[in-house]
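Asks: Next up is a structure, given as structure tokens.
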Amino acid sequence: MIGKYKIIALMTCRIHDRECYEFINVLNKRLAKADYRLFVYNCSPRLNEDIRENDPQTSVYEMFDPSFADAVIIDSNHIGNAAVCRKIISRAFDMGLPVISLGKSFDGCMNIIYEYKRGIENIVAHLYDVHGISDFHMIAGVKGNSFSDKRIEAFKDALEKRGIAFDSSMVSYGDFWSEPAVAAAEKLLNEGRLPRAFVCANDHMAIAVSVFLQSRGISVPGDVAVTGYDCIDTIFSSTPTITSICVKNETASETICGILSDMFGGGRREGCVKVLPEAVFNESCGCKSSFKLDAAVLFNEQTNMFNRFQSENIILSEIAARIQRGKSFEEIAYIMRDDDLMYAMCCLIKQEYTDESVNPEVESVCGSDGGLFVLYDSDMIDRKRNNGEKFTPYYMSEKEIIPTLDYYLDDGRCLIFTALHYLGVSLGYICFHFGDFVSGNYYKIPQTTNMLNNALGGLINQRYKHYLLKRIEKMSGTDALTGLYNRRGFFTKYERLLEEAGDKSLAVIMCDLDGLKYINDNFGHEEGDNAIHKTACALKACCPPNAVCTRFGGDEMMAVYPVGENERDVRALFCEYLDKYNAVSGKPYTVAASMGIYIASEGEKPDFEELVKKSDRLMYSEKKRRKALRK
């Protein structure tokens, strides 16, 4: 529950299919009447049974947080993968949430089962009882497909109930598509086995068969009746209109709301509720149509939709290229908003991926509150733009789910979540929150998601490559043992230092480790390396932050920096650092070094060799002085 609203989480896939988004629209309106709010977790492709367990396409279901939900609905008919469904159910049960499964039966759930068998039986009964037809042939879907097999079984039972003997020659396979269905009908025509009625397993095949028969001079329904299944829009614009069967969205939604109300009132959480499909009788079986769609209007709508899809694909491709060239996250947010294609949505990525050093090809594991980065929020960008302000991407807790969540809940909007992923790795998610029901918005979901998967994945990958290049560049100019610049790195930095220093005097410090041979001979080269490393640390610590420090020999190090107004006592700081280290190191030797300091006159720009000679002389003078003191 969030605030005063019970949250119903619906797990589905292919929300861009008309049958799916029309159902969600009806369900959301019905839930809103009961003061429930619908969160939809959508995976764009249908999930095959052989999909791997942690496929990034299913990561959207992992993003669902059961702690704020009150019930889970699984559209198991659409998801199709039983293992994925069971995983979702297990997470819900762990949090004590009730689960409703639509279409398939799972233990512990309230299962809404669509009685497809009764739908086929009703069609056969209608053709037999009302129109006197007893010669049937079924065009099924894909051979071995569970949906298809169930409809064949229902067809067989319906015939036998009416005393019509069934044999396998009464079934052909149209693969749920037009061309194979037409090929099956043509084969029967050529063999002289044309039936009095074709019972097709979906509407696409029924429409195609009807058109084919009429093209051969065969009257539909005068010579052959044709029926379909699913009640898609085009059955009402075809000539003749096609008789079909479907479970009405209103019926399914009412059933779901009734079950939820019973659950929340302490009723049962496990069992089975059957929902009967309803036949829609049209002209293709010999009945009159109660409703017709103008074919020209429908064709125009679909043509416009196709043209829009093509145009938007071109624009989205251009946006993807601009995103990958973006110089900042703020710039990218406005690139996404420029063409007004990405409205009523926000885009959130895991905060780890804002760090360019994180490899986007390796899955990031967030903690209980790993954090999210709000890269894009169309509504917030528009509000700030109207007020003359700039939107700046920001971090937020993943417990907040999306920005301004309370507003969308109060507005009764359905929130649709879909995963962002790249090269098999989950990056975050997009949330769509359309204020009005417009079918084109739902077609756009996979289109927009695919673009952002590639664009943001490419951007994050590019940032990581730039980071690696900088690392390589730094490593190539850096001494591995001390972290100081090597000669190559020093030359590059020294040239810049000269430009920045202008006429300021330069301080040059030469440093040489005392007794390195003694340490190497008596305690090993690892201890010698330790002494070199600690000397380098002391040199960096005693110099100003803008100093360029280099190791240009075995134990010889040098630092150069512009002399400031408040010049520090470098030698004292250097000795203090090493004294503190020696006091606590526990080493059987003392780390000590000699230091020579040379101050170049104003405007003097000595080259590297001059620096070494002048500071070297001073350093060796210091070394002799220190040896004399020890004697």
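The values are calculated or read from the model by the stated rules, or taken from the named source; none is laboratory data. Just so it is clear, the structure is predicted and the values come from calculations on it, not from any experiment. As a convention, Cβ positions derive from the backbone with ideal geometry for all residues, glycine included, and neighbour counts pool all protein chains shown.
Asks: Within the set of pairs 6+ apart or on separate chains, which have a first residue in segment 89-106 that is within 17 Å of R268 (Cα to Cα), a second that is in a loop (DSSP other than H, G, I, E, B) and of a type in the set (F, W, Y), and C-beta atoms under 7 Å apart?
Replies: I89/F106
Asks: Going through segment 405-433 one residue at a time, which ones are surrounded by fewer than 19 Cβ atoms within 10 Å (Cβ to Cβ) and within 21 Å of the chain's Cα centre (by Cα)?
Replies: Once the filter is applied, which keeps residues that are surrounded by fewer than 19 Cβ atoms within 10 Å (Cβ to Cβ) and within 21 Å of the chain's Cα centre (by Cα), segment 405-433 yields L405, L423, G424.
Asks: Taking into account only those residues within segment 72-99 that are of a type in the set (D, E, K, R) and surrounded by fewer than 20 Cβ atoms within 10 Å (Cβ to Cβ), which is nearest to A279 (Cα to Cα)?
Replies: Per the criteria, the residue is R86.
Asks: On to the next question. Scan segment 419-460 residue by residue and report those that are part of a helix (DSSP H, G or I) and more than 26 Å from P403 (Cβ to Cβ).
Replies: If the condition is that a residue be part of a helix (DSSP H, G or I) and more than 26 Å from P403 (Cβ to Cβ), then S439 is the only one that fits.
Condition check ((1) modelled with pLDDT under 85; (2) in a helix (DSSP H, G or I); (3) touching a Gly at 6+ places or on another chain (Cβ under 6 Å); (4) surrounded by 15 or more Cβ atoms within 10 Å (Cβ to Cβ)) across all residues:
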{"position": "L348", "(1), (2), (3), (4)": "no, no, yes, yes"}
{"position": "E361", "(1), (2), (3), (4)": "yes, no, no, no"}
{"position": "I381", "(1), (2), (3), (4)": "no, yes, no, yes"}
{"position": "R385", "(1), (2), (3), (4)": "no, yes, no, no"}
{"position": "E389", "(1), (2), (3), (4)": "no, no, no, no"}
{"position": "T392", "(1), (2), (3), (4)": "no, no, no, no"}
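Asks: Right, something else. Give the residue, chosen from G144, G192, that is more than 47 Å from the chain's Cα centre (by Cα), assigned to a loop (DSSP other than H, G, I, E, B) and farther than 21 Å from E283 by Cβ.
Replies: Just a single option satisfies the conditions, and that option is G192.
Asks: Hey, any hits in segment 263-274 for a residue that's in a helix (DSSP H, G or I) and of a type outside the set (D, E, K, R)?
Replies: yes
Asks: Just one of the numbered conditions (1) more than 27 Å from A82 (Cβ to Cβ); (2) not in a helix (DSSP H, G or I) is not true of A185; which one?
Replies: Here A185 clears every test but (2).
Asks: Can you give me the number of residues within segment 398-418 that are over 15 Å from C346 (Cα atoms) and part of a loop (DSSP other than H, G, I, E, B)?
Replies: 2
Asks: If I ask for residues that are of a type in the set (D, E, K, R) and without any contact (Cβ under 8 Å) to a residue 12 or more places away in the chain, which ones from segment 297-317 would you list?
Replies: Matches in segment 297-317: E301 only.
Asks: Take the residues in segment 183-192 that are of a type in the set (D, E, K, R) and in contact (Cβ under 8 Å) with a residue 12 or more places away in the chain, then tell me which one is surrounded by the most Cβ atoms within 10 Å (Cβ to Cβ).
Replies: Looking at the filtered set, the residue picked out is E186.
Asks: While we're here: So if I check each of T251, T239, which one is touching a helix residue (DSSP H, G or I) at 6+ places or on another chain (Cβ under 8 Å), on the phi < 0 side of the Ramachandran plot, surrounded by fewer than 18 Cβ atoms within 10 Å (Cβ to Cβ) and in contact (Cβ under 8 Å) with a residue 24 or more places away in the chain?
Replies: From the options T251, T239, the qualifying one is T239.
Asks: Of the residues L38, L102, L47, which is at pLDDT below 85 and either crowded, with 17+ Cβ neighbours inside 10 Å or out of contact with any Cys (no Cβ under 9 Å at 6 or more places or on another chain) (or both)?
Replies: Working: L38 fails: at pLDDT below 85; L102 fails: at pLDDT below 85.
None of the others qualify; the one that does is L47.
Asks: Any residue in segment 79-101 that is among the hydrophobic types (A, V, I, L, M, F, W, C) and assigned to a strand (DSSP E or B)?
Replies: yes
Asks: Please identify the pairs in which a residue from segment 160-179 that is at positive phi has its Cβ atom under 9 Å from the Cβ atom of a residue that is among the charged types (D, E, K, R), counting only partners at least 6 apart or on another chain.
Replies: Matching pairs, first to second residue: D175/K143.
Asks: Residues in segment 350-363: is at least one small (G, A, S) and under 25 Å from A9 (Cα atoms)?
Replies: First, pick out the residues of segment 350-363 that are small (G, A, S): 357.
If we keep only those that are under 25 Å from A9 (Cα atoms) as well, we get none.
Checked segment 350-363: no residue is small (G, A, S) and under 25 Å from A9 (Cα atoms).
Asks: If you don't mind, there's one more thing I want to ask. Quick one: in segment 333-365, of everything that is among the charged types (D, E, K, R) and in contact (Cβ under 8 Å) with a residue 24 or more places away in the chain, which residue is nearest to D377 (Cα to Cα)?
Replies: Only one residue fits best here, namely R337.
Asks: Taking A208 as meeting all but one of (1) in a loop (DSSP other than H, G, I, E, B); (2) modelled with pLDDT of 90 or more, write down the number of the exception.
Replies: Every listed condition holds for A208 apart from (1).
Asks: Would you mention how many residues in segment 221-262 are among the β-branched types (V, I, T), part of a loop (DSSP other than H, G, I, E, B) and either under 17 Å from K292 (Cα atoms) or out of contact with any strand residue (DSSP E or B) (no Cβ under 6 Å at 6 or more places or on another chain) (or both)?
Replies: 5
Asks: Taking helices (runs of 4 or more DSSP H) that do not extend beyond segment 492-593, which have at least 2 residues that are under 20 Å from L618 (Cβ atoms), of a type in the set (A, V, I, L, M, F, W, C) and at pLDDT 90 or above?
Replies: It comes to 525-542, 570-585.
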